[in-house]
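The values are calculated or read from the model by the stated rules, or taken from the named source; none is laboratory data. Just so it is clear, the model here is predicted, and its values are computed rather than measured. Cβ: placed from backbone, ideal geometry, glycine included. Neighbour counts: every protein chain shown.
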Amino acid sequence: MEHFKTIIEPFRVKSVEAIKFTRREEREQALREAGYNVFRLHAEDVLVDLLTDSGTGAMSAAQWGALMQGDESYAGSRSYYRFRDVVKELTGFKHVIPTHQGRAAERILFHSILEPGMVVPNNNHFDTTRANVEVERCEARDLVIPEGRVPALEHPFKGNIDLTALEETLQKDGERVPLVMVTVTNNTGGGQPVSLENLRGVRRLCDRYNKPFFLDACRFAENAYFIKRREAGQGHRTPKQIAQEMFSLADGCTMSAKKDGLANIGGFLAMNDDGWTESCRNLLILTEGFPTYGGLAGYDLEAIARGLEEVVEEPYLRYRIRSIEYLAEKLVAAGVPILRPAGGHAVYLDARALLPQVPPLQYPGIAVVNALYLEGGVRGVEIGTVMFGAHPDGTESAGPMDLVRLAIPRRVYTQSHVDFVAEVVIHVAERRQELRGYRIVEAPKFLRHFTARFQPVSA
Ligand SMILES: *Cc1c(COP(=O)(O)O)cnc(C)c1O
């Protein structure tokens, strides 16, 4: 089998779900009713849903089987101990706190440790991470390497944090920095990996300045596989061994099990510090649930435990990373500007480069997202000025980039779905001149991209 070059889905399909075909007029109406915000669409009206890879994966037969093993005891459930042991074996962290998803872990950590005016450095904060820092009246400071800000530039570890800039922050604002975070892979920066060498550099700085180091570990397995493929001297190790080393360099992590937990819901907060753990557990009891379930059912804990074992299997990761590369290669060959190289969970279209006629404050990303839905029933998401351009003081400016993320759910779509998506994107790119911008007619203060309503700007 090693002689053949076609990489196949490392599973066979046991259960299927029909998807609904719609007519263009129906999609036009659906989009209008949704205020031109695809978050507000009925998912049923979407043909291929690439809005997110979060919680949208297919569980394995083993995970479905594990659901029936769920122990729904309120306190001390057997499923909690199985979950805890899997997380401990993988991460090595002393304390494991289940949460209903990643942002709950973020909120509990940040609400427990942040004081107004503090600074949290990260390569790039994810949207919920940033919001949970800013809601505590603190600064979320993005310090990704300069290469990570240039969409067309190829670099093997574009998610790396700029160690010089991090040291500057620690020197100048050190007393206001409660911890250093690094997001693996860097979702906001294009699903780009962080190297082991970079993580070791962060560890050294954290030791020198006496700061705890936390991973935003949502896609730790994809990151580990990139390290295996791209970092010198790592090719012979298993993804799991690499992941274990990544975690060993940190003092704790926040995790959304909806990503590399291969589950539909769940997350956790894990760390070594006893004092922080106590404060976090107290808040957990107030808002999430008892420490042995943290807002999850016993069966969710079982599904996550099994998912964390499956996600580091090499055939899965090889297929996973390759299927994203495959879509990226088709788009590059057709001349569509994308963030390069392909990320671990998604392809990011460079909407700013695709639509030079649409200024950032007319949201080129939204224009592309809406066109993909209208033309092909494909749903992506804007990662740009709508998501990151609003400031806590009510002002607005262009986001660092205007991207459209096409996130691939895990183990859900086949190669022909991906071929179809490529065809739709290329079709939209060919009509780029016809696309117009949007303006916001209604938006909340935090995380406005989820619920804002838009109007097309007239030509
Ligand atoms: C999804 C995600 C989160 C938040 O997790 P949820 O489970 O959606 O709350 C945090 N950080 C990153 C990098 C993510 O991708």
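Take THR22 and decide whether it is touching a residue at least 24 places away in the same chain (Cβ under 8 Å) and within 16 Å of the ligand (Cβ to nearest atom). Explain how you work it out, then say what you get.
On the way: touching a residue at least 24 places away in the same chain (Cβ under 8 Å): yes; within 16 Å of the ligand (Cβ to nearest atom): no.
Criteria not met by THR22.
PRO193: under 19 Å from ASP142 (Cα atoms), in contact (Cβ under 8 Å) with a residue 60 or more places away in the chain and surrounded by fewer than 21 Cβ atoms within 10 Å (Cβ to Cβ), yes or no? Lay out the reasoning, then the answer.
On the way: under 19 Å from ASP142 (Cα atoms): yes; in contact (Cβ under 8 Å) with a residue 60 or more places away in the chain: yes; surrounded by fewer than 21 Cβ atoms within 10 Å (Cβ to Cβ): no.
No: the conditions fail for PRO193.
Table: residues versus (1) out of contact with any strand residue (DSSP E or B) (no Cβ under 9 Å at 6 or more places or on another chain); (2) more than 30 Å from ALA353 (Cβ to Cβ); (3) in contact (Cβ under 8 Å) with a residue 24 or more places away in the chain.
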{"position": "ALA104", "(1), (2), (3)": "no, yes, yes"}
{"position": "PRO116", "(1), (2), (3)": "yes, yes, no"}
{"position": "PHE157", "(1), (2), (3)": "no, no, yes"}
{"position": "ASN160", "(1), (2), (3)": "no, no, yes"}
{"position": "ASP173", "(1), (2), (3)": "no, yes, yes"}
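Every residue in segment 278-327 that is in contact with a Pro (Cβ under 7 Å, 6 or more places away or on another chain), buried (at least 21 other Cβ atoms within 10 Å of the Cβ) and closer than 30 Å to VAL347 by Cβ, please.
Selection gives VAL312, TYR316, LEU317.
Could you list, in sequence order, the residues of segment 124-181 that are of a type in the set (Gly, Ala, Ser) and within 27 Å of ASP350 (Cβ to Cβ)?
ALA131, ALA140, GLY148, ALA152, GLY159, ALA165
Looking at VAL96, VAL119, VAL144, can you tell me which residue is over 19 Å from TYR209 (Cβ atoms), at pLDDT 95 or above, more than 16 Å from the ligand (Cβ to nearest atom) and of a type in the set (Val, Ile, Thr)? Reasoning before the result, please.
Working: VAL119 fails: over 19 Å from TYR209 (Cβ atoms); VAL144 fails: more than 16 Å from the ligand (Cβ to nearest atom).
It is VAL96.
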